[in-house]
1. Quick one: HIS282, HIS215, fewest Cβ neighbours within 10 Å first, how do they rank?
2. Could you calculate the contour length gain from GLU411 to THR193, that is, 0.36 nm times the residue separation minus the distance between their Cα atoms, to one decimal place in nm?
3. Expected output is a single nm value to one decimal: the length gained when fully extending between ARG302 and ILE78, i.e. 0.36 nm times separation in residues minus the C-alpha distance. What is it?
4. Neighbour counts of other C-beta atoms within 10 Å: give me TRP107, TRP502, TRP453 arranged from fewest to most.
5. Aspartates and glutamates near LYS412 by alpha-carbon distance under 13 Å, same-chain residues fewer than 8 away left out - which ones?
6. Limiting things to C-alpha atoms, what are the Rg and the maximum Cα-Cα separation (Dmax) for the chain, in angstroms?
7. Determine, for each peptide in 424-435, 480-491, 291-302, 49-60, the mean count of other beta carbons within 10 angstrom over its residues, then list the peptides with the highest first.
8. Please give the residues of the range 493-508, grouped as numeric ranges, whose backbone N is less than 20 Å from a label point set 7 Å along the Cα-to-Cβ vector of ASN432.
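Every read-out reported here was derived from the displayed coordinates using simple, explicitly stated rules and does not represent laboratory data. Fair warning: this is a prediction, and the values are worked out from it, not measured in the lab. Neighbour counts are summed over all protein chains in view; Cβ atoms, including those assigned to glycine, are modelled from backbone coordinates with ideal geometry.
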Amino acid sequence: MTRDAMLRRLQAHDRPWDMVIVGGGATGAGVAVDAASRGYDVLLVEQLDFGKGTSSRSTKLVHGGVRYLEQGNISLVIEALKERGTLRQNAPHLVRDLGFVVPSYIWWESPFYGLGLKLYDQLSGKYRFGPTRRLSKEETLELLPTIRTEGLRGGVVYYDGQFDDSRLLINLVTTAAEQGATTVNYVRAVGLTKDADNYVNGVALVDHESGRDIHAAARVVVNATGAFCDGLRLMADPDAKRMVAPSQGTHLVFDRTFLRGDNAIMVPHTTDGRVMFAIPWHGHTLVGTTDVPVDDVPIEPRGTDEEIALILETAGRYLERPPTRADILSVFAGIRPLVRAGDATNTAALSRDHTVHIDRSGLLTIAGGKWTTYRNMAEDCVNQAATLAELEERPCITRTLNIHGYHQNAEKFGALSLYGSDAPAIQNLALNEAGLGERLHPDLPYTAAEVVWAARAEMARTVEDVLARRTRALFLNARAALAMAPRVAALLAREQGRDAAWQAAEVERFAAVAAGYVAV
Ligand SMILES: Cc1cc2nc3c(=O)[nH]c(=O)nc-3n(C[C@H](O)[C@H](O)[C@H](O)COP(=O)(O)OP(=O)(O)OC[C@H]3O[C@@H](n4cnc5c(N)ncnc54)[C@H](O)[C@@H]3O)c2cc1C
């Protein structure tokens, strides 16, 4: 899967695509996998890198959503629990079971949450991950050795899934390509073309790297641009009403000592009524998230001082050693593409259900939902898109389609387990090419071989692509990622035939992005 080959395919395509999908996040990549595996002729374009939007900035949970149970949205919980099981089955190299402990400091909390979480467990039926049970104080401490002990009465443990969002995304894009889709990053949709009836019949694109204009004719255009989706809708119809109510969530990352053991903490009610998690992730501790309505949707959202203070304060109430600002290794924010419901002002209460909306121009927009339900969203979207474009009806096969990298015993690859069936190829690079076995930073497990693999097999173009989304260095430890940047730039330059000026510019560009992940 190389960008040059994909671009050549795009330029040589001389008939309308069955489906052009705009937006290379979870939603767009899921739609591309679904449509291509049904045998449709599919183009997927992403304006920057795959996963540059919200899909690399999630809490990394494959979950039914305990919160939605509380809101009474049982159908969403059941759907998500089912999808959780399907994803673990189709991508076992990326999804793992994780115990979540709800600690209790007040007498009624354990029985109260115990009941709700038992129901959560039962709703998962045959897709169950592990049995919910109540814990004594001692058992709670065994599962969470670094929890605050003062006033602790016990807890409840339930099980959900954890994954790596941008790794799953790149594996989905690869799966789509393997199923015949043309998938290109750094190609932006800048306009929509229409036929004599004012009906959308194609997309005007610009190749970000060469500046070249490209036109892609389409029988149907799917707008999967997440929190940005109103931008494309306004291109189709300047009078279109906004669909998305953007809501920002921020996470903080600390070292592993703050949360020892293999279990996560789930706080069902923060002081402002949100759910908060502290989760072991890639040898670090991930804590979040907030839920703040925002007006703008920047491509690099930044956690505000208030959000950081709120997370630190909440974490401090549950952890034996309260983390401080100086302990933050990385701070990252993402924007939820929640679908508007009337004039609701509290985005935490807005539905996480997805919506498929067809404008009178024929532009089909899919928005909302969550990472966990991407497959089901894609199935719904492709069913509707195929009807709209009068494509031949073909059944969805993704419920049992293995995702690229599928491997049932990937743990045996150690630090490379997330690559699943690709891990041996990376091990070979490290063994057979001089210098590629070396680690890029003492605090992170990544090697030069992974950079070369990302460039050769995963369409990584920039230092940021490698450090933020092919590896997770930027999200784990922003300063370490900054230190790795010059070496990554040199490796990419060798792969892409770039000069020293390109390398210097790349390091500078990455430093500007990474500055937003360092809490000062
Ligand atoms: C803080 C936070 C935590 C979350 N945690 C979880 C979780 O733990 N579990 C879970 O299941 N869900 C979670 N979610 C929800 C989940 O992350 C999102 O629902 C999902 O990632 C949205 O994916 P998307 O593809 O719709 O949007 P995006 O990932 O934003 O993708 C849209 C893409 O479109 C591209 N684009 C925009 N305009 C154009 C254009 N003109 N041309 C080409 N491309 C364009 C963008 O660059 C972007 O990459 C979380 C969300 C947030 C914000």
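1. Working: HIS282 19, HIS215 11.
With the fewest neighbours first, HIS282, HIS215 line up as HIS215, HIS282.
2. Details: separation 218, 0.36 × 218 = 78.48 nm, distance 4.82 nm.
My answer for the length gained is 73.7 nm.
3. Details: separation 224, 0.36 × 224 = 80.64 nm, distance 3.29 nm.
So the chain would gain 77.3 nm between ARG302 and ILE78.
4. Numbers: TRP107 10, TRP502 14, TRP453 24.
Result, fewest neighbours first: TRP107, TRP502, TRP453.
5. Reachable aspartates and glutamates: ASP422.
6. That works out to 22.5, 72 Å for Rg and Dmax.
7. Details: 424-435: 13.8, 480-491: 22.2, 291-302: 15.7, 49-60: 25.6.
The packing order, highest mean first, is 49-60, 480-491, 291-302, 424-435.
8. 494-496
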